[in-house]
Amino acid sequence: MADISKPPVLKHFARSTIELGEPMDVGLTPDGFRRIVPILGGSFSGPDVRGRILAFGGDFQTIKPGGQIDLDARYVLQTEESELIYVSNIGNRYVPPEAFSALIARQPVDLSLAKSTGAARLETGSDRLQWVNRTRFFPRGQRGPDGLLLDLYYFQS
């Protein structure tokens, strides 16, 4: 039986530098203000994997008046060995409620005040990387003006 009294240890999978495009505003819907941020590309590197982020995908956001932003990012990694990894990163970012109108108006918002949570699911057909299909990943990111620096971690058993 596993010893669950010990806290899990996180292992670093990869650091991604993600290039983002100009947001597309869908507008205010019954669920909140919808915005899509295109993913234009980038690169990733980790202890056992490295490659590029394909210019395909986006972060489908719902900005809510209470300061919550629901995030749904979907994109594809391509390793140096040409293996493809589909990424689905679901999370929430919380910003001070007074920042809501600034976000909608695309005015600068101090994202250092933001708190984020999330989980990512990776899928691949690669024989070498089959383990990622059975693993939940935890993102930690920092948003810049034109991109995102994102680290993915997973539990090491």
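What follows is calculated from the coordinates using simple rules that are stated; it is not laboratory data. Everything numeric in this text was worked out from a predicted model, so none of it was measured. Positions of Cβ are generated from backbone atoms using ideal geometry, with glycine treated the same way; all protein chains shown enter the neighbour counts.
List of remarks:
- Computed helical MRE - 222 nm, the chain, DSSP H runs ≥ 4 contributing -39500 (n - 2.57), nearest 500: -500 deg cm²/dmol
- Here is the size of the chain from its Cα atoms: Rg then Dmax, 16.7, 54 Å.
- Dipole magnitude for region 9-156: computed about the Cα centre from +1 point charges on Lys and Arg Cβ and -1 point charges on Asp and Glu Cβ, it is near 360 debye.
- Candidate cross-link partners of LYS64 among the lysines, defined by an alpha-carbon separation under 25 Å and a same-chain spacing of 8 or more, comprise LYS115.
- Ordering ASP3, ASP59 from the fewest to the most neighbouring beta carbons within 10 Å gives ASP3, ASP59.
- Residue order, fewest to most surrounding Cβ atoms within 10 angstrom, among ASP25, ASP70, ASP110: ASP110, ASP25, ASP70
- Magnitude of the charge dipole, region 1-80, Cβ model with Lys/Arg +1 and Asp/Glu -1, debye to 20: 180 debye
- Per-residue Cβ neighbour rank within 10 angstrom, fewest leading, LYS64, LYS115: LYS115, LYS64
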